Amino acid sequence: MESFVVRGPRVLLTPPVIKESSIEVDEKLKKEILEEQMKKWTRLDVFAVGEEVSGIEVGNKVFVNPMFIRNAENVEINGEVKIIVRAADISIVWK
């Protein structure tokens, strides 16, 4: 397990697992399918929070506008992809 610190007002989110289809599709269609799936991501799990974040804790569920998710950076931590968003982009927090 690697150690890390999230800097600033950032939050790392765990995206839902997307089941792989047995049907092969090209990269363009794969991207379109992913963007459609993102619209349904209404409660993402908080994996880690930055040093400047308050009111959001690891384990909370949050809603982020799909537009921000689409443009978010991704990082691999311990073999899993995480989504990096700004705390200000989080609209709703379920505790």
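The values are calculated or read from the model by the stated rules, or taken from the named source; none is laboratory data. Small disclaimer: the values here were computed from a predicted structure and weren't measured. Don't worry about glycine lacking a Cβ; one is built from the backbone with ideal geometry, like all the others, and counts go over all protein chains shown.
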Assuming Lys82 fulfils every condition listed in (1) over 11 Å from the mean Cα position of the chain (by Cα); (2) surrounded by 16 or more Cβ atoms within 10 Å (Cβ to Cβ); (3) not hydrophobic (A, V, I, L, M, F, W, C) apart from one, which condition is it? (1)
Tally, over region 46-62, of residues that are over 11 Å from Ile84 (Cα atoms), surrounded by 15 or more Cβ atoms within 10 Å (Cβ to Cβ) and not aliphatic (A, V, I, L, M): 1
Every residue from region 49-79 that is part of a strand (DSSP E or B) and either touching a residue at least 40 places away in the same chain (Cβ under 8 Å) or among the basic types (Lys, Arg) (or both): Val49, Lys61, Val62, Val64, Val75, Ile77
For region 9-29, which residues satisfy the criterion of being under 18 Å from the mean Cα position of the chain (by Cα) and either of a type in the set (Asp, Glu) or over 16 Å from Val93 (Cα atoms) (or both)? Pro16, Val17, Ile18, Lys19
In region 9-39, anything assigned to a loop (DSSP other than H, G, I, E, B), of a type outside the set (Gly, Ala, Ser) and either modelled with pLDDT of 85 or more or within 25 Å of Asn78 (Cα to Cα) (or both) is listed as Pro9, Pro15, Pro16, Val17, Ile18, Lys19, Glu20
